[in-house]
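Following: one structure in structure tokens, then a few remarks.
The values are calculated or read from the model by the stated rules, or taken from the named source; none is laboratory data. Being a predicted model, the structure only gives us computed values, none of them experimental. Ideal geometry is used to build each Cβ from the backbone, glycine not excepted, and the neighbour counts take in all protein chains shown. Quick note on the areas: whole protein, heavy atoms, side chains included, nothing else; ligands and nucleic acids left out. Shrake-Rupley method; radii C 1.70, N 1.55, O 1.52, S 1.80 Å.
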Amino acid sequence: MTDARKPVDSVERLEEAIAEVRAAQKAFSTYTQEQVDQIFFAAAMAAGRERIPLAKMAVAETGMGVVEDKVIKNHYATEYIYNAYRDVKTCGVIERDEAYGITKIAEPIGVIAAVIPTTNPTSTAIFKTLIALKTRNGIIITPHPRAKDCTIAAAKVVLDAAVKAGAPAGIISWVDVPSLDMTNLVMKECDLILATGGPGMVRAAYSSGKPALGVGPGNVPAIIDDSADILLAVNSIIHSKTFDNGMICASEQAVIALDSVYAKVRAEFAARGCHLLAPDELNKVRKTIIINGALNAKIVGQPAAKIAALAGVTVPEDTKILIGEVESVDMSEEFAHEKLSPVLALYRANDFDEAMDKAERLIEDGGHGHTASVYLNPLAQKNRLARFTQRMETCRIIVNTPSSHGGIGDLYNFKLAPSLTLGCGSWGGNSVGENVGVRHLLNIKTVAERRENMLWFRTPQKIYLKKGCLPVALQELRDVLGKKKVFIVTDSFLFQNGYTKAVTQRLDEMGIQHATFFDVAPDPTLACARKGAKAMAAFQPDCIIALGGGSAMDAAKIMWVLYEHPEADFMDMAMRFADIRKRVYPFPKMGQKAYFIAIPTTAGTGSEVTPFTIITDETSGVKYALADYELLPHMAIVDADLMMDTPKGLTAASGIDAVTHNLEAFASMLATDYTDGLALQSLKMIFEYLPRAYDDGPNDPVAREKMANAATIAGMAFANAFLGVCHSMAHKLGAFHHLPHGVANALLIDEVLRFNAAEVPAKMGTFPQYDHPHTLARYAMIADALALGGKTDAEKLERLIAALDALKAKIGIKKTIRDYGVEEADFLARLDEMSELAFDDQCTGANPRYPLIKEIKQMYLNAYYGVAK
């Protein structure tokens, strides 16, 4: 472990460290594929858990970039890299063709020298150490002097996890006091150099006399053709260029727009918060970009407004990009260089051939071999795409895709390998022409077109509905499923008041054994789930019935997992994922021992038809949202007879929860035609029937049944479209201040609607089908469906919010967090932690506007004090 490691702070100590790594690697080279994969998994999981602290360290130490974007980089370096290589064979025989007699055997290289840049100090360290572990190589890291603490911290996380999983103790090492002499010695003594950094460092790597996988600079041109979707093109470029303040080498440096669309492109940039520099401003910024023939280090990774201030130019603080309209593509033009910041050149071209001429010159002079980007209609302009592909001497041809995200791979095209080290091939003087991974053989030119990835619509195998359907539906347990033993999970109120009798009496009639666990409290805890799982293990049911509101169903789902897979680790299951298809932890296969039936007794949670569960860690008080389709119940029974006597407070909280389910599902980046119809229909029903159910539910069976159906329909909508930041914030508000979940959502939804409706958000979400900010128009569609009136989208949004406020008032929901007795001092003291946890909540990822932590904090404050709009 790192605690016993002697610091590498002298040449003598470095020579000892190299020998230690070489000895560890020799032992590591004998490991089996299974051993290596266990170590690879453990290291990826550990690095993923530390993504936020490491991001904070990187920004604090270097003064560059954006914490939230560095969180994404760290997450990407673990989740995407792990998923790309989890099943790749890297030990022994990896391929054999019996017919041709070909066998391929993988052997490790030995000791790798890893040079880490200041621009990506933690994510690159994670990436390089993970692929070294996957290939049974030792690795020695030389950090950038201005980023050594955060780089070393990242390496320590990976090393500690790897050793704990069985790796040799010295398999990863690093230079604690980096210097040029120490770096040169590492490169001289290693077996392979993996170099990421400035041109000087890469040249030194290739001059060391050892094999080197180095990468060149990126000076990415992006052509916008007259056949392009301008909205998509401009917003994709903004999304890319503002990511971590433009420090990814694959980010666009110049936009070349055809004359026929130039004005439209220019206007779209301006409308989206970019500043087009006036002639006098242009010269000032020129002098700030390049100083004494080199890129000014003071602008690297800085926000646009700060760069403008350095140049003596005044722009709004929220300016996204500084754009210089220039003509020359010669390196004498400062805007023609790689800028590693939100500063962009904008060129005009008479036609596509002239655009390619300009792009070609920019590439040859400043980014040969790296990446080229084009926006066009690939079906109507196949010939232009082919000509562009042929002429651009780059290893990545990015089509209709944000170049930063597209170049690193696996985000907008699953077949482009994920990497944080992008080779430039022989054009850039590199030995590798692809995204660096576990195997490198050829210079490869890859054309990666943007694609909207497969979506889904999944529901329980069976959903029974209609008031009074429970007895008939349960008959299936005996007649169709042949079940013998049923374990019921509910809460003490329902049990003590006889609500379980409707189930148990039917089970008795069918001769089915049953046991009931009724110790579920609101906001169920892991301790409760473990207690229930222990009772399940003793009873050995072949069917589980969750009867109650969200708490009972949430607890039952966790009990189900622990019953079927007692070895499963909760924190692994709760691990955040950016894409449910790529999660590092494979959720255990469910249903092998027990069939799961969900019977709701409240109209709101929708848990009976969703793959979600919310559980509280009683040791920390943190609520975790787990999501996986293995948690989807097999059967749902929606019988309003069980809901007739629901108390008013619960009717209000659960009903408004269903409202937010629909609003967030409709706005989600994952929304589809399938989920949209469900969300709109459910909202119509709730607005009509929730006040009736609240006012006189016990005597209004129609309202109760309509609300039961509306809640389940909403559940099906968000089960497939997912939710958003309102639920992320509500989870933490409820956990920290003990507010009912539905009430928490109600207090926050107005703020979230206005937040998401911004036409020029600080950041939009990342998902292939979400090409530009348009949530305001989506909210206007909801207002239209509810017949709220309004002439403009903005007016329709205000009418929607007013209608929500009126609905909340009718059902007794108070206006602010403060109104629920949450003390101001306590709220403010815990606000930062609550905001960060909400940012990292599983629901945040589908939100159409990617929230910064400070923006979440402000929404909490607005909701607490009731800021006048």
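Quick notes on this one:
- Residue pairs exceeding 24 angstrom between C-alpha atoms, taken from K648/K808; K156/K241; K466/K531; K134/K557; K56/K854: K156/K241; K466/K531; K134/K557.
- Ranked order, D793, D176 - accessible area, probe 1.4 Å, largest first: D793, D176
- When +1 charges are put on Lys and Arg Cβ atoms and -1 charges on Asp and Glu Cβ atoms, the dipole computed for the chain relative to its Cα centre reaches about 720 debye.
- Packing rank of 532-544, 468-480, where each peptide gets the mean count of other beta carbons within 10 Å, highest leading: 532-544, 468-480
- Taking label positions 7 Å along the Cα-Cβ direction at both R13 and E824, the computed distance is 5.2 nm, reported to one decimal.
- Shown are M571, M834, whose ranking by accessible area with a 1.4 Å probe and every protein chain present, most to least, is M571, M834.
- Rounded to the nearest 10 degrees, the angle from helix 33-49 to the longest Cα principal axis of the chain is 80 degrees.
- Per-residue SASA entry for Y689, accessible area with 1.4 Å probe, Å² rounded to 10: 30
- The aspartates and glutamates whose alpha-carbon is closer than 15 Å to the alpha-carbon of K70, local same-chain residues fewer than 8 away aside, are E50, E61, E79, D244, E836, D840.
- Total lysine pairs in the range 653-802 at Cα distances under 23 Å, for residues eight or more apart or on different chains: 4.
- Centre separation in Å (Cα based) which lies between the range 42-72 and the range 481-557: 42
- Taking every Cα-Cα distance in the range 97-249 and sorting them into 5 Å bins starting at zero, the pair-distance distribution P(r) comes out as 2, 9, 16, 17, 15, 11, 9, 8, 7, 5, 2, 0 percent.
- Nearest-10 value in Å² for the accessible area of E798, using the 1.4 Å probe: 80
- Largest-first principal axis extents, alpha carbons of the range 330-385, Å: 35, 21, 21
- Ranked by the mean number of other Cβ atoms within 10 Å of their residues, highest first, the peptides 323-330, 150-157 come out as 150-157, 323-330.
- For the chain, projected area of the alpha-carbon convex hull averaged over all directions, nm²: 38.6
- DSSP-loop trypsin sites (Lys or Arg not before Pro) across the range 635-727, with at most 13 other Cβ within 10 angstrom: none
- Among beta bridges that DSSP assigns inside the chain, antiparallel share in %, nearest 5: 20
- Set against the 2.2 N^0.38 Å expectation for a compact globular protein, the range 464-580 has a Cα radius of gyration ratio of 1.12.
- Sequence ranges 406-417, 264-275, ranked by mean other-Cβ count within 10 angstrom, highest first: 406-417, 264-275
- Surface accessible to a 1.4 Å probe, per residue, for the residues of the chain, Å²: 36
- Cα-based Rg and Dmax for the range 180-281, where Dmax is the largest Cα-Cα distance (Å): 19.6, 57
- Listed by chain and number, the aspartates and glutamates whose alpha-carbon sits under 13 Å from that of K306, ignoring those within fewer than 8 places in the same chain, are E317, D318.
- Taking the helices alone, the chain has a mean residue ellipticity at 222 nm of -14500 deg cm²/dmol, built from -39,500 (n - 2.57) per DSSP H run of at least 4 residues and averaged over all its residues.
- Percent accessible area from carbon and sulfur atoms, the chain, protein chains only, probe 1.4 Å: 52
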